[in-house]
Each structure stands twice: as structure tokens, then as C-alpha cells.
Amino acid sequence: MSAPDTRPAPGQDSAGETELAAYNFAYLDEQTKRMIRRAILKAIAIPGYQVPFASREMPMPYGWGTGGVQVTAAIIGPEDVLKVIDQGADDTTNAVSIRAFFQKVAAVRATTHTADATIIQTRHRIPEHTLQEGQVLVYQVPIPEPLRFLEPRETETRKMHALEEYGLMHVKLYEDIARHGRIATTYAYPVKVHGRYVMDPSPTPKFDNPKMHRSEALQLFGAGREKRIYAVPPHTDVVSLDFEDHPFEVQQFDRPCALCGATHVYLDEVVLDDRGGRMFVCSDTDYCETRQAEGHVGEMLATTATDREAAE
Amino acid sequence: MSDMPLLKVRSLSKFYGNRIGCHDVSFDLWPGEVLAIVGESGSGKTTLLNCLSTRLMPSTGDVQYRMRDGDYRDLFRMSEAERRVLMRTDWGFVHQNPADGLRMTVSAGANVGERLMAVGDRHYGRIRATASEWLSRVEIDTDRIDDQPRAFSGGMRQRLQIARNLVTSPRLVFMDEPTGGLDVSVQARLLDLVRGLVSDLGLSAIVVTHDLAVARLLSHRMMVMKGGHVIEHGLTDRVLDDPREPYTQLLVSSILQV
């Protein structure tokens, strides 16, 4: 970035006067960022291991991404380009407010294009565009412990991780098959990282699990309420758990995206009316828009365009 | 093989501060043998059982266990990881209250299959077949395999707990009042079942009970405890038919005769 920076520094208005309440760059104080970076380094050194950290109160409620925001705040620099997505979309409340937050307290450039971003903070999706070396994906994690719903005691789950006792995780998958005839877990699907730690990939659809495997990008996970950080370094094995006779499978969609015609992407169902009308569109809005700009047309895109013209 | 004891207990004591849990207990347990520990409430039987099964650290004494390779290992010098592997493969622990030993929120099949998955079985079909076979062995209808134990009666839960423990064919099973809280006819059926399984599988077992009838039916040998001390120790029939200690005589004579 060689262009002169005309944006106001954080804590200053456009006239350059310092306001009374000035924030440190990226909101957190330097000591806190240092503490979080240490936790991140440890997490990278032990892939999949949940590192405790002294999570701070953030100016947003728990469940809105306080963990992800703290991780992003600790690693972001003035030169970074930030993308924030919520369920794949750049324009939903959570994504918009976190993006605005960092534009205000760190004055960083924001983008919606996956390829342009250096840091992507995400809630529950991995972008369709393959991530490259040098990019960092920051996940917002509600419950970091994959064994939590099977074993409520933290002392016990820590011991199970330490001794690599992961039979219980398969009990959950067994229950799925016994009840539904197949592994019915569709999100937060447990994975084994680097052949050692079982990890909760946060509530991403299992469709995204294969993207984590040997990804070129660094993947960081922050859980604010539970005060845990964990990580998957680039090029690390991430294997979804399964049974020999019930292997891991991702969701299949029987039709392409209604707007851009993409196949082999994760689709959201959109209800159109109260008479059963519905459409399936890419959950990754940036991917969908890029494809539309490239001239790909889904079956319902044309009608929407004509409707708009008719309305005008 | 069986000329060597499975478990060697030497002067095992457990103190709770100044109070005695159990004091200076020594015995050998042989392969295929069932030992009953009887006594009144507070006599230290459960403390002793918990020390033997490494659920509790004793204050002094040691317990040697003969591993499958024939070597004796001191249980309290093993690492926690080794002990936990032992507990879920070579041992079983049947709790008085089945809810303590079962996962109440997962199906009966998964309860039985959990140990198999813990030792690395990753084939759903095989796990389910084994679970179903074990359910029928403990007289639970195999069509209940997908029901949760909370939908089971007390006797069924106890039998399920036994199946869950025996699925990895352990060599030693600890039972803490296995028939406590069951009505008499269910008790009788359960005892019959346990007796059959123990003799079929050649299990060794240590059974804690306050019920002398249970000891009479299940055990080959028994130990009578009072105030943390073993006061009498011998073959079950000998102890019950010809009790030597005054306390044991009192215990035997206090059985209700109908």
C-alpha cells in the first residue's frame, strides 16, 4: 500500500483533533494483544489443542463473535485487508457490525472479495474460493469442546484429550446411525487434527470440512465466552471422524445455485412466498456475485431482472 | 496359568484423617474366583473396593495385578493412562445405581458398544452385532437396542450395565451391591444371570454386599468386615455355616427366616 492514507487515525475525527475516549489500535490494549498472540502461537504449535486465554469483555454480547474479534484484533495490522462473513454472507448484521467495528478502531481496509482479503473472520462458513498461502481464516466459536455434550465435566474432557481417549466421539456418531440410518450430524462435525487432537470445527456445515484439510491458509479459532483459542496451521491434516462401513460424506445438492448456476457449492434455501415457493442460492454471497459478474446465469436470475425492469 | 493369583493385596489401608476407612487388608484373588466382601454399613467394604479398583488412592499397602502377559504390576505405580486402559478393557465395574455406570442419554446399543469404540473398533455393523448379542445374553430383547436406558426398568438397567462391562471380555469385575434396590424376584434373576456369566466366562469378581444371601449364591470365598478390619475370612459355606467370630455369628443369625 503506497497510496497516502487519507483516512483518519482511530480516535481522531476528520479534523485531526483527538477525542477524549481514544481507542488503542484495534481496540484491545497492547498487553492483551500480546497475551492473545502468545495463546495463538501455542495453539499453532499444538494443532487442535484448546489453549486457555484470558478472554476480555468486548463491546458486543457473547455469541456474537467475541472470541473471533479478539483473535482478529490481536493479529490485524494497518496493512491488512479484512473480510467478515456470517453464514457465508458479507451483508448480514453480524458481518456488517464487526466489519464496521474494525474500520472504526483499526481503520483497516475492508473487502468482500475472498481473494483480496488477508484476514477473513467467519461465522459458520469457509469461503468457496480456495484460500491461499498468507491468508488467515478466523473462526467464531461458540463451544470449543467437541466432547462437551457427551461429557459435561471439564476436568474429564481435558483428561480425555490428554490421554487421547476419543471413543466417546464415536458413540455420538453411533447414535446418529442407530437413530437415522446414517451419520446425521451436519454441522460442527468432529475432526481429528494432525492425527492427534479431536477438534470441533465450530458450527460450519460438514460440507466445509474437506476444505480444512491441508489448507494453505492459517486457521485460527476463538471462543470468547469459553476462553479458548485453537488453531490449524497451514498444510495440516484434518480428517473427519467416521465408521469404516459409514464413511464421511458431505451434503449433496440436487440442483445448482438459482442465481449463478454454480454446482458443488453450499446452498441456502430461501423461502419466496407462502405457497411453497423457494429457491436455493449460494451461501457464499461473494462467490455468487463474482460468478454473476462473469456472466454465469442461474435459472431464476433472469426472472428477477425482468421483474425489476417491469417494476421500474 | 491358574496357579498364580490374579490379584495380590498386601496390607492395604485407607485413612480419612484420623478415621479408619479400612485397615491392613491382605488377600489373594485367584482366576475364576468370586470373593464377597460383607459387613454392615460403614464397615469399610466400599472403601476397600474403591481402593482395589484404583478409584481411590490407599494410604498404605500395595495391590499387584497379573497382566495378560503374565507379569505382575503394582496398580498404584502405573501411569494414569495405563490404569484407565486397564479399567476399560481388562476390568469391569458394576455400580449399585445403574445410572452411575451407564450413559443414560444414549441408546442401549451405544452403551454396550462404547468400550468397543474406546479400544478402536470403527466398524458400525460389527459393533452393533456384538451389542445385540450381548443384550440377548443378559436377557434384554434385542429390539430394545435403540432405546435409552431411562426407558428401562431397574433390573434391565442393571443387566445392561453388566453387559456394558463384559463386552471387552474383562478378567476381573468389581461389583458394588449389584442387587441393591431391586425387588426380590428381580434380584434372584439377576443373581442367576451373573452366576451363569461368571462361570461361562471364567471371570474373577469381587462383590461388595450387605446381603448374605447374595454372598452365599455368588461367591466362593468371603471376607467379613467390621470397623475397617477384616475379622473373618474363609470359604463362603464355612463362614456362613460355622461362623467363628461373635460378630459373624450375630450377622448370620440376624438373617430373617421366613
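Could you please find all residues in the stretch A:114-165 being within 12 Å of chain B (Cβ to nearest Cβ) and aliphatic (A, V, I, L, M)?
A:L150, A:M160, A:A162, A:L163, listed by residue number.
For the stretch B:129-147, give me the residue count where each residue is of a type in the set (D, E) and either in contact with a helix residue (DSSP H, G or I) (Cβ under 8 Å, 6 or more places away or on another chain) or within 11 Å of chain A (Cβ to nearest Cβ) (or both).
4
Kindly indicate whether A:Y230 is touching a helix residue (DSSP H, G or I) at 6+ places or on another chain (Cβ under 6 Å), closer than 22 Å to A:V141 by Cα and outside the structural domain of A:R34 (by the TED database).
Working: touching a helix residue (DSSP H, G or I) at 6+ places or on another chain (Cβ under 6 Å): yes; closer than 22 Å to A:V141 by Cα: yes; outside the structural domain of A:R34 (by the TED database): no.
Criteria not met by A:Y230.
Within the stretch B:167-202, which residues are out of contact with any Gly (no Cβ under 7 Å at 6 or more places or on another chain) and part of a loop (DSSP other than H, G, I, E, B)?
B:V167, B:T168, B:S169, B:R171, B:E177, B:P178, B:T179, B:G180, B:D183 - these are the residues of the stretch B:167-202 that are out of contact with any Gly (no Cβ under 7 Å at 6 or more places or on another chain) and part of a loop (DSSP other than H, G, I, E, B).
Just a yes or no: is a residue in the stretch B:173-184 free of Cβ contacts under 8 Å to residues at least 60 places away in the same chain, assigned by TED's automatic domain parsing to the domain that holds B:N50 and surrounded by fewer than 16 Cβ atoms within 10 Å (Cβ to Cβ)? Explain how you work it out, then say what you get.
Restricting attention to the stretch B:173-184, the residues satisfying the condition of being free of Cβ contacts under 8 Å to residues at least 60 places away in the same chain are B:179, B:182-184.
With the extra rule that they be assigned by TED's automatic domain parsing to the domain that holds B:N50, the set shrinks to B:179, B:182-184.
Going one step further and asking which of them are surrounded by fewer than 16 Cβ atoms within 10 Å (Cβ to Cβ), we end up with B:183-184.
Yes: the stretch B:173-184 contains one or more residues that are free of Cβ contacts under 8 Å to residues at least 60 places away in the same chain, assigned by TED's automatic domain parsing to the domain that holds B:N50 and surrounded by fewer than 16 Cβ atoms within 10 Å (Cβ to Cβ).
If you scan the stretch A:46-67, which residues turn out to be in contact with a strand residue (DSSP E or B) (Cβ under 6 Å, 6 or more places away or on another chain), in a loop (DSSP other than H, G, I, E, B) and farther than 23 Å from A:K159 by Cβ?
Matches in the stretch A:46-67: A:G65 only.
Going residue by residue through the stretch B:148-156, is there one that turns out to be within 13 Å of chain A (Cβ to nearest Cβ) and in contact with a His (Cβ under 7 Å, 6 or more places away or on another chain)?
No, the stretch B:148-156 contains no residue that is within 13 Å of chain A (Cβ to nearest Cβ) and in contact with a His (Cβ under 7 Å, 6 or more places away or on another chain).
Restricting attention to the stretch A:166-186, report how many residues are within 9 Å of chain B (Cβ to nearest Cβ), of a type in the set (K, R) and in a loop (DSSP other than H, G, I, E, B).
Total meeting the criteria: 0.
Can you run down the residue pairs with Cβ atoms below 6 Å, 6 or more apart or on separate chains, where the first is in the stretch B:206-222 and assigned by TED's automatic domain parsing to the domain that holds B:R195 and the partner is in a loop (DSSP other than H, G, I, E, B) and surrounded by fewer than 19 Cβ atoms within 10 Å (Cβ to Cβ)?
Listed pairs, sorted by first residue: B:L212/B:I255.
Looking at B:T130, B:T60 in this structure, which one is within 19 Å of B:V198 (Cα to Cα), among the hydroxyl-bearing types (S, T, Y) and at pLDDT 90 or above?
B:T130
Name every residue in the stretch A:134-174 that is modelled with pLDDT under 95 and of a type in the set (D, E), in order of residue number.
A:E151, A:E154, A:E156, A:E164, A:E165
Is it the case, given these coordinates, that A:I119 is among the hydrophobic types (A, V, I, L, M, F, W, C), closer than 15 Å to A:Y287 by Cα and at pLDDT 95 or above?
Numbers: among the hydrophobic types (A, V, I, L, M, F, W, C): yes; closer than 15 Å to A:Y287 by Cα: no; at pLDDT 95 or above: yes.
Against the criterion (among the hydrophobic types (A, V, I, L, M, F, W, C), closer than 15 Å to A:Y287 by Cα and at pLDDT 95 or above), A:I119 does not qualify.
Condition check ((1) closer than 25 Å to A:F243 by Cβ; (2) among the aliphatic types (A, V, I, L, M); (3) within 14 Å of another protein chain (Cβ to nearest Cβ)) across all residues:
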{"position": "B:P58", "(1), (2), (3)": "no, no, no"}
{"position": "B:Q96", "(1), (2), (3)": "no, no, no"}
{"position": "B:G109", "(1), (2), (3)": "yes, no, yes"}
{"position": "B:I127", "(1), (2), (3)": "yes, yes, yes"}
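The values are calculated or read from the model by the stated rules, or taken from the named source; none is laboratory data. Everything numeric here is computed off the predicted structure, so don't read it as measured data. No Cβ is skipped: glycine too gets one built from the backbone with ideal geometry, and neighbour counts run over all protein chains shown.
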